[in-house]
Amino acid sequence: MTTKHRILTAYSGTTYRDALLSMRGHELTIVSAFGRSTDEIGLLRTLAEQNRRLTFIVGTQNCFTSPEFIKAGAKLAAELKNFEFVVDFRVPDSLHHKLTLISPGTVILGSSNFTKRGLGGQTDLMGTFADANMFASVTSDLKRIRRQVGVLAAGATGFDAALRHYKKKALAVGAIEHQKRIAGANTNPFKRGTTNNVTLSQWLISDEATPLWAFAYTRDLDQEEKTAAKEIRAEKSLGRGTGSLTTYSPEGKVFDGLFLDVSCIVAKRPKIWPSKVVTSGEFRGTRIVFGKRQPADAFGFVATSEEIKKLADLALKYSERWLTVAQMRKALGTADPTPLQ
């Protein structure tokens, strides 16, 4: 580093990801409050290959870190001799740090987690500080954390058992959090009680229109997926019956929240329902989503049969991605609202 201080954002010209990738031949310690996508494990591999040693420490507050992320990180640690993967399994008291230590005396510190959004700097800010005293202080703090019961490196005695326990807890907490999101402020306020007569076309030209996540499926579950679904139904940690839930198996993905549930087993007669995810995750190597159908106005509108057909056709084309407001307007032949003069 030639400068003592530098800001890392998407708008400064250098992102957190850019700064990490510029590091070669160092000893790095990266700490993140949580990790979600296994896509970031590929970045860890690159950083380990470019540097003398890499230690990655991740927290588990509120079970935000996915078990799949931990599993992939542990697998990489078993493969690379210079890579250590550490998990703070103390869910309620887990670390919430977001930082990187770069030997011999540089600290990257701020609000970014080791996630796609955090690394890209669109909403978070990190600062780079060439400060030996700060480096020493943070190093000491991390040593203290690593001595706590429940903070374990992959491969250490008790790690696998801790991960199995965490997966069960994450499933239960995730189900509760999904329910809170549906019942709380994260749901669309433009809905039941005030929008009973609002059609989809009317909603799309209102200020409340938002992108919708589409999930369409064209096949029945295979035997492994059925077995996983049966195990989920037997999962007592959900604390309620799950007989009315529908099971899906998106290829390589899991997702949260509200979504458009499109049945296209018979492609010429698609049906569409607003649904919400109750829980999702990996079970015996199979990625499963459990969804429950919602009232017709769950997204803030009541669609006509013709609108449903057009929206279902659009969801089939763009399955497992966001349908933008512009896409939906175009599909329904709804003009963009006239700007105010």
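The values are calculated or read from the model by the stated rules, or taken from the named source; none is laboratory data. Remember, predicted model here, so these are calculated numbers, not experimental data. Neighbour counts run over all protein chains shown; Cβ positions are idealised from the backbone, glycine included. These accessible areas exclude ligands, DNA and RNA; they are computed on the full protein's heavy atoms, side chains included. Shrake-Rupley method; radii C 1.70, N 1.55, O 1.52, S 1.80 Å.
A few comments on the model shown:
- Index of the failed condition, A10 passing every other in (1) over 21 Å from A132 (Cα atoms); (2) buried (at least 20 other Cβ atoms within 10 Å of the Cβ); (3) of a type in the set (A, V, I, L, M): (2)
- Restricting the stretch 33-88 to residues that are farther than 17 Å from N113 by Cα and of a type in the set (A, V, I, L, M, F, W, C), the residue that is modelled with the lowest pLDDT: A72
- Considering residues of the stretch 73-91 that are in contact with a helix residue (DSSP H, G or I) (Cβ under 8 Å, 6 or more places away or on another chain) and small (G, A, S) only, the residue surrounded by the fewest Cβ atoms within 10 Å (Cβ to Cβ): A74
- Residues (basic (K, R) and within 16 Å of V31 (Cβ to Cβ)) located in the stretch 48-85: R53
- Qualifying residue in the stretch 65-79 (condition: within 22 Å of R164 (Cα to Cα) and more than 24 Å from the chain's Cα centre (by Cα)): yes
- Given (1) open to solvent by less than 20 Å² (accessible area, probe 1.4 Å); (2) within 23 Å of R164 (Cβ to Cβ), index of the condition L47 fails: (2)
- The stretch 17-35, subset over 19 Å from P104 (Cα atoms) and in contact with a helix residue (DSSP H, G or I) (Cβ under 6 Å, 6 or more places away or on another chain), residue least open to solvent (accessible area, probe 1.4 Å): G35
- Lone unmet requirement of (1) open to solvent by less than 70 Å² (accessible area, probe 1.4 Å); (2) free of Cβ contacts under 8 Å to residues at least 24 places away in the same chain for D160: (1)
- Any hit, the stretch 149-158, residues being in contact with an Asp or Glu (Cβ under 6 Å, 6 or more places away or on another chain), on the phi < 0 side of the Ramachandran plot and not small (G, A, S): yes
- Pairs where the first residue, in the stretch 304-326, is more than 22 Å from V198 (Cβ to Cβ) and in a helix (DSSP H, G or I) and the second is open to solvent by 30 Å² or more (accessible area, probe 1.4 Å) and at pLDDT below 80, C-beta under 9 Å, 6+ apart: L316/T218; L316/A267
- Taken over the stretch 52-65, the criterion of being open to solvent by 10 Å² or more (accessible area, probe 1.4 Å) and not in a helix (DSSP H, G or I) is satisfied by R52, R53, T55, F64.
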